[in-house]
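The values are calculated or read from the model by the stated rules, or taken from the named source; none is laboratory data. This structure is a prediction, so every number in the text was calculated from the model and none was measured. Counting neighbours? That spans all protein chains shown, and the Cβs are built from the backbone with ideal geometry, glycine included. Accessible surface is based on the protein model in full, side chains and every heavy atom, while ligands, DNA and RNA are left aside. Shrake-Rupley method; radii C 1.70, N 1.55, O 1.52, S 1.80 Å.
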Amino acid sequence: MALEKVETVVAGNYVEMEREEPNSDSIKTKFSNLFWHGGSVYDAWFSCASNQVAQVLLTLPYSFSQLGMVSGIIFQLFYGLMGSWTAYLISVLYVEYRTRKEREKVDFRNHVIQWFEVLDGLLGKHWRNIGLFFNCTFLLFGSVIQLIACASNIYYINDNLDKRTWTYIFGACCATTVFIPSFHNYRIWSCLGLVMTTYTAWYLTAASLIHGQVEGVKHSGPAKMVLYFTGATNILYTFGGHAVTVEIMHAMWKPQKFKLIYLIATIYVLTLTLPSASAVYWAFGDMLLNHSNAFALLPRTGFRDAAVILMLIHQFITFGFACTPLYFVWEKFIGVHDTKSMFKRAITRLPVVIPIWFLAIIFPFFGPINSTVGSLLVSFTVYIIPAMAHMMTFASPSARENAIERPPKFLGGWGGLYSMNIFVVVWVFIVGFGFGGWASMVNFIHQIDTFGVFTKCYQCPQHKV
């Protein structure tokens with residue numbers, strides 16, 4: 001009976017939120033609904049799929065050269081499923097938190113719920129502080145990576161400017177994301193973003209197969225343990241894009257429908273990443289060990305230039321995805337989150353972009369930085385913390401009895417669910433954070449020793465440096 005009452009409360013509020021959609025028949029309102037005001041299941045799917053595979057599409061062949069073909073495919077499938085599982089856990093905790101708060105008559109219509117607030121409401125301030133630190137640091141460096149990728153890609157179209165200068169330019173361009181209010185407003189962008197990555201993935205596949213294998217191609221991976229675990233953590237990073245799950249759910253009119261969205265998005269993403277990474281590695285083999293961006297090895301054609309331009313636009317979109325939660329945190333910190341003036345919010349958001357810009361100039365190591373962020377930040381942010389938080393939230397018999405979302409039947413109840421969560425925590429801590437952290441830091445330090453910080457043009461031909 002209690003459960004039925006809770007479901008009524010949840011459903012009632014979601015219907016109320018759905019009524020917030022503009023219901024005018026004016027052309028302006030219809031245009032806004034079509035391109036700007038998103039919140040459906042399809043919007044959430046586009047957001048998840050578009051955000052999950054961005055510049056990493058270009059570094060996965062590099063990871064395959066470190067791992068070898070078989071390990072590369074296995075790790076993609078394995079971490080794809082693991083990422084979908086922890087995204088599901090985050091969605092369960094979001095619904096649990098929101099339901100409890102709505103019982104207390106808390107109104108979220110002018111407030112965006114974030115992951116650290118979910119942890120705070122369910123487990124207390126210590127969990128909130130841990131979640132806030134890892135989530136914000138990961139999203140900060142996630143934004144840095146997108147900015148680095150912009151400079152790395154545009155260089156393959158126009159090398160008259162070095163990559164550092166391009167970073168300055170694209171930093172200014174990406175700063176315009178301060179004017180996008182929330183994930184509600186990424187409807188057209190997330191849709192276009194997925195079209196762009198789909199084109200790029202199949203371009204990489206087709207171009208590599210048409211090009212054929214280079215003369216004397218070698219596929220020696222895995223050759224070194226350092227490279228092996230570096231490649232594995234880049235794939236861990238690839239399928240760890242659900243740090244913005246709570247914000248995407250909150251933008252939905254019916255968040256309880258999110259459960260399987262991330263899994264379906266991951267399945268689609270795998271249809272892009274597996275063929276493209278396999279084909280590029282097949283064609284170029286060990287040459288990729290010194291070329292972390294797949295564009296570097298493909299001959300310049302109109303198709304390649306189109307792919308570069310589309311990826312640049314998509315990286316702008318993904319920068320917004322990663323940075324918007326940081327904007328929210330900053331707004332809440334200085335007390336302007338609830339203001340209705342978008343101009344005022346945009347101006348106060350600008351300081352968030354400055355450290356991102358600066359870090360992208362200091363560490364422009366496209367490829368190696370992905371693995372470092374994956375092992376040290378993604379491992380905790382979207383794998384270990386969600387699994388542990390879920391176990392702690394439902395540790396007591398009463399919490400399990402009153403849980404809004406029951407464990408999937410195929411797991412065999414709470415025992416199976418806890419076993420799965422313990423496996424995730426142990427595996428990611430030992431393999432992702434432990435071995436991956438060691439390998440990625442060794443590789444990252446090697447990049448600093450080789451190129452130095454503030455390097456003007458990372459992995460550019462010598463005559464261009």
| message | List the Cys residues of the chain that have no partner Cys with a C-beta closer than 4.7 Å. | response | Cys48, Cys136, Cys150, Cys173, Cys174, Cys191, Cys323
| Point-charge dipole on Cβ atoms (K/R +1, D/E -1) for the chain, about Cα centre, debye to 20 | 280
| Once label points are set 7 Å from the Cα along Cα→Cβ at both Arg100 and Val431, what is their separation, rounded to one decimal in nm? | 3.2
| Dipole-positive endmost among Ala279, Phe429, Tyr228 within the chain (Cβ charges, Cα centre) | Phe429
| field | Taking the stretch 46-174 and dividing mean pair separation by its residue count, relative contact order in percent (alpha carbons under 8 Å, at least six apart) | value | 14
| query | Calculated from DSSP H runs of 4 or more alone, at -39500 (n - 2.57) each and per residue, what is the 222 nm mean residue ellipticity of the chain, nearest 500? | reply | -22000 deg cm²/dmol
| task | Between Ile445 and Met391, take the C-beta separation as r, use R0 = 35 Å, and let me know the FRET efficiency to the nearest 0.05. | result | 0.50
| remark: The distance between the Cα centres of the stretch 317-347 and the stretch 205-220, in whole Å, is 45
| query | Can you run phi through the Karplus equation (6.51, -1.76, 1.60; θ = phi - 60°) for the stretch 235-244 and list ³J(HN,Hα) in whole Hz, with x for Gly and Pro? | reply | 6, 4, 5, 3, 9, x, x, 9, 5, 9
| task | Take every Cα pair under 8 Å in the chain that's 6+ residues apart, average their separations, divide by the length, and report that relative contact order as a whole percent. | result | 31
| Listed residue (Thr393, Val353, Thr450) projecting farthest to the positive dipole end of the stretch 324-465, Cβ model | Val353
| request: Just order 328-339, 240-251 by mean Cβ neighbour count inside 10 Å, highest at the front, would you? | output: 240-251, 328-339
| field | Where Lys101, Lys340 fall by accessible area, highest first, once all protein chains stay in place (1.4 Å) | value | Lys340, Lys101
| query | Hey, got the dipole for the stretch 303-402? About the Cα centre, +1 on K and R Cβ, -1 on D and E Cβ, debye to the nearest 20? | reply | 220
| request: State which entries of Lys125/Lys254; Lys254/Lys409; Lys218/Lys259; Lys259/Lys332; Lys101/Lys344; Lys125/Lys224 exceed 31 angstrom in Cα-Cα distance in the structure shown. | output: Lys218/Lys259; Lys125/Lys224
| query | With every protein chain left in place, what is the accessible area per residue of the chain in square angstrom, probe 1.4 Å? | reply | 41
| note | Taking alpha-carbon centroids only, the stretch 416-436 lies from the stretch 46-76 a number of Å equal to 20
| query | The list (1) 68, 48, 41; (2) 54, 54, 54; (3) 71, 52, 37 gives values of Cα extents along the principal axes in Å, and only one came from this structure; which label was calculated from it? | reply | (3)
| remark: Taking Cα pairs closer than 8 Å and at least 6 residues apart, the relative contact order of the stretch 156-285 in percent is 48
| request: Keeping the other protein chains in place, figure out the carbon and sulfur percent of the accessible area of the chain, with a 1.4 Å probe. | output: 68
